[in-house]
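Let me give you the structure first, and then I'll get to my questions.
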Amino acid sequence: MAISDNVRKILEEINGRAELVAAAKTRTADEIREAVKAGVRIVGQNYVQEAEAVYQDIGREVRWHFIGHLQKNKVKKAVAIFDMIETVDSVELASVIDKRCAAIDRTIDVLIEVNSGREPQKAGVLPEDVRPLAEKLAGMRNIRLRGLMTMGPFTGDPEEARPYFSGTRKVFEEISGALPEGASMDYLSMGMSNSFRVAIEEGANLVRIGTAIFGERDYS
Ligand SMILES: *Cc1c(COP(=O)(O)O)cnc(C)c1O
């Protein structure tokens with residue numbers, strides 16, 4: 001099916017319950033533009049360099065979310081493009097983001113990435129470490145903490161992702177219930193092509209979808 005048909009179908013299914021982030025790694029500017037014409041308003045990128053290339057073409061017609069692992073030496077370029085960084089998982093990274101934003105006199109929205117599956121090789125902070133990090137971020141002037149993001153273990157069966165989504169929502173609600181001053185919990189980013197339905201049932205209001213929009217990725 002065409003990209004535009006995929007976007008329309010997905011937007012119809014989401015039906016306003018969540019905002020759609022088109023996860024666009026490896027996709028060309030033409031492919032992304034087709035998705036934008038069909039209604040995509042937020043584009044997600046995993047690599048700063050790749051984002052720069054398509055950003056030149058598409059620009060501020062959409063909002064840009066960083067959803068990959070951000071290296072500190074890429075932060076300066078990242079804060080020139082992205083509206084939100086969904087993957088903050090350390091005070092060190094947050095400090096660099098804060099400093100780079102101060103230098104260009106802007107504030108940036110961020111999410112804390114939660115390692116909900118407690119997977120040693122995965123990015124993100126453990127659920128019990130979210131609050132201490134949230135408190136530190138809340139004190140940074142050029143960062144605005146807006147919520148949480150999680151991937152969860154990937155098994156291929158969306159039902160197996162459910163406990164990790166509901167666990168992350170629990171952390172989200174706990175922090176919402178006693179917000180550090182300067183933070184807010186507006187966004188819960190969970191769910192991908194195969195799991196966004198379950199994620200929305202568990203409270204996601206941002207879903208990151210790649211394959212179901214653009215088709216299988218070709219890394220060759
Ligand atoms: C690629 C990617 C997605 C989308 O995955 P699909 O299975 O292609 O929908 C979502 N989130 C992150 C962080 C990604 O890197």
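Under a crude label model (7 Å from the Cα following the beta-carbon direction), how far is THR107 from LEU126 in nanometres?
3.3 nm
If one computes P(r) from the Cα atoms of the range 50-119, what percent of pairs lie at distances over 13 Å?
Numbers: 1549 of 2415 pairs.
The calculated P(r) of the range 50-119 puts 64 percent of pairs beyond 13 Å.
Roughly how many percent of the accessible protein surface of the range 1-147 is carbon and sulfur, given a 1.4 Å probe and a whole-percent answer?
Within the range 1-147, the accessible surface is 45 percent carbon and sulfur.
Return the Rg/Rh ratio of the range 113-195 with Cα-based radii and a Kirkwood Rh.
When Rh is taken as the Kirkwood radius, the ratio is 0.99.
Next up: Where the accessible area of the range 163-209 is counted over protein heavy atoms with a 1.4 Å probe, how much of it, in %, is carbon and sulfur?
That fraction is 48 percent.
While we're looking at this one, here's another question. Under a crude label model (7 Å from the Cα following the beta-carbon direction), how far is ASN194 from GLU174 in nanometres?
In this crude spin-label approximation the distance works out to 2.9 nm.
Quick check for you: with a 1.4 Å probe and neighbouring chains kept, what is the accessible area per residue of the range 53-175, in Å²? Don't skip to the end; give the middle numbers.
Numbers: 5980 Å² over 123 residues.
Heavy-atom accessible area per residue stands at 49 Å².
Past 28 Å, Cα to Cα: identify those pairs from LYS72/LYS170; LYS77/LYS136; LYS25/LYS76; LYS99/LYS170; LYS76/LYS122; LYS99/LYS122, in the order given.
Beyond 28 Å between Cα atoms: LYS72/LYS170; LYS99/LYS170.
Another one. Alpha carbon centre of the range 188-214 versus the range 63-93: separation in Å?
The range 188-214 and the range 63-93 have Cα centres spaced 20 Å from each other.
Around ASP218, with a cut-off of 14 angstrom between Cβ atoms, what is the net charge of the other residues, counting Lys and Arg +1 and Asp and Glu -1?
Summing Lys/Arg as +1 and Asp/Glu as -1 gives +1.
For the range 85-94, take each phi angle, set θ = phi - 60°, evaluate the Karplus expression 6.51 cos²θ - 1.76 cosθ + 1.60, and give the result in whole Hz per residue in order, putting x for glycine and proline.
Once rounded to whole Hz, the list reads 10, 8, 10, 6, 9, 7, 5, 4, 4, 4.
Quick one: what are the phi-derived ³J(HN,Hα) couplings along the range 108-118, Karplus 6.51/-1.76/1.60 with θ = phi - 60°, whole Hz, x for glycine and proline?
Whole-Hz 3J(HN,Hα) from phi for the range 108-118: 10, 7, 9, 10, 8, 7, 9, 8, 5, x, 6.
I'd like the per residue volume of the convex hull spanned by the Cα atoms of the chain, given in cubic angstrom.
In the chain, the Cα hull volume divided by residue count equals 121 Å³.
So what are the ³J(HN,Hα) numbers for the range 23-29, from phi and the Karplus equation (6.51, -1.76, 1.60; θ = phi - 60°), rounded to whole Hz, Gly and Pro as x?
Working through the residues one at a time gives 7, 10, 4, 6, 8, 7, 4 Hz.
Report the GluC sites (Glu not before Pro) located in the range 164-220 that are in a DSSP loop and have at most 13 other Cβ atoms inside 10 Å of their Cβ, or state none.
GLU181, GLU216
The values are calculated or read from the model by the stated rules, or taken from the named source; none is laboratory data. Everything numeric here is computed off the predicted structure, so don't read it as measured data. A quick note on method: Cβ atoms are made from the backbone with ideal geometry, for glycine too, and the neighbour counts reach across all protein chains shown. For accessibility, only protein heavy atoms count, side chains too; no ligands or nucleic acids. Shrake-Rupley method; radii C 1.70, N 1.55, O 1.52, S 1.80 Å.
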